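Since the structure comes first, as structure tokens, the remarks are kept for the end.
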Amino acid sequence: MISDLRFTSARCFPAFNGVIQKYLDPSMALDRTEGVDVIDFDGNSSMDVSGSYGVNVCGYEKYKEFIEEGWVSAKKQGLFLGSLDNTVLDNIARLRKISGHEEVSFHMSGTEAVMCAVRVARFNTHKKLCVTFGGAYHGWWDGMQPVAGNERLPDDVLCLKDMNELSLKVIQARRSEIAAVMINPLQCFHLNQSPPSDVVLSSNNRKVGPTPGYKEWLHKLADVCKQAGVVLIFDEVYTGFRLHPRGAQGAYDVKCDIVVYGKTLGGGLPIGVCCGPKHLMARGDVKKAARVNYVIGTFAGHPFVMACMNAFLRWLETPETVKSYDTMHTNIDSFISTANAKFKEKGYPIQLTSWYSVWSILYSNPGRYHWLFQYYLKDAGVNLSWVGSGRLLFSLEWQKADYDRLLERLLTACEEMQKGGWWETPVANIKSKLGLEVGSALFRNIFGLS
């Protein structure tokens, strides 16, 4: 058993995990990808809206091209590490243009790049605190991870409320202690909330969708950080290149002090990148020779990764690619509008909402079993990630015919869900019933009762 899969297999509300894991298997053994479809060993085809944890921005066929092109370029170098070649230098030049910063640091994952950003900010400002905002995820490092899933509560992280004037006053008041403020632009989709997931969907209380005024908030936050001498970090591991060819900086026309990229930037291979100005990226102290910020990694500049990244970055700059973002957003808006009209016409209690190519399924009526919809979607040929119907993704590869095909499958899943009676109006009070069931389950687990 792979421990990661054992963790992510809990795809429904905890009270039902036992029976679901016994009778329903949400996993898939992948054989291949074809366009927007994933095909398992048995030949079953599903339309993929999982987005491969946010990596799939371009489309699976495009990543195959990047990987093939990267291998042709890198195979002559083999595993030699630690040098700079023309490919790496070209990547640096392109990243400097995209990020707006002069220095680039390569890493092996998004989490590792976030670690670098926080460490260099603390080291070069000589300050300890880092500010994050409620619900934001910045990787699994326990020095930055929120309380949920992290038993070690960091004492050098200050978690504030997003889009809140009082938060700005706290930053100003504690400027002498705060090294950096870290933003995850994805929070615009679920402000001050944890990422939407069927794992915690007990009723219909999913609050997601684009937040009005978020651009203005980012500009105001950037001004406050500048006045306070606090480093503004954008964690663009997820949003970089998904929202815009320049990520959230381009989408919201705002400049940060340090930006972190990952996921899709590797052209299909693992990568993390941290970009910033020279004075903030320094790993040594010119006044104290023994004071060193040791941030480095063995495989950070692997030739194969650098070559695949280069294929992605060159593709990103083409006029056709830039135009394809606008086409995708138009298609998504049309799909969301058409789908919601169909659901309303047929009386299905769901509604779609989107933010760029990120979307979610909302439930308009109270219900105890909305989390079951993910299994009906799977049966209808829609592949989701472990968070179920909470956060779904489109890629630039999707065409109008694909969106039409997806709508047909959504309607099929809705019909079967309704036939099964899972959307009947609850008779009992959901919250009180739920509290009793969860409390009883916890009691049995604590005392080892069957």
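The values are calculated or read from the model by the stated rules, or taken from the named source; none is laboratory data. These numbers come from a predicted model, not from an experiment. Here the Cβ positions follow ideal geometry from the backbone for every residue, glycine too, while neighbour counts run over all protein chains shown.
Odds and ends about this structure:
- Taken over segment 198-215, the criterion of being in a loop (DSSP other than H, G, I, E, B) and at pLDDT 80 or above is satisfied by LYS207, VAL208, GLY209, PRO210, THR211, PRO212, GLY213.
- Subset of segment 429-448 (residues that are of a type in the set (A, V, I, L, M, F, W, C) and modelled with pLDDT of 70 or more): LEU436, PHE443, PHE447
- Qualifying residue in segment 205-213 (condition: surrounded by fewer than 18 Cβ atoms within 10 Å (Cβ to Cβ) and either of a type in the set (Lys, Arg) or under 30 Å from HIS126 (Cβ atoms) (or both)): yes
- So ARG206, is it of a type outside the set (Phe, Trp, Tyr) and within 30 Å of ASN429 (Cα to Cα): yes
- Residues in segment 330-358 that are in contact with a strand residue (DSSP E or B) (Cβ under 7 Å, 6 or more places away or on another chain) and assigned to a loop (DSSP other than H, G, I, E, B): PRO349, SER357.
- Count - residues of segment 83-113 that are within 25 Å of ASN184 (Cβ to Cβ) and assigned to a loop (DSSP other than H, G, I, E, B): 5
- Subset tally (residues that are over 17 Å from ASN192 (Cβ atoms) and either crowded, with 20+ Cβ neighbours inside 10 Å or touching an Asp or Glu at 6+ places or on another chain (Cβ under 9 Å) (or both)) for segment 154-182: 4
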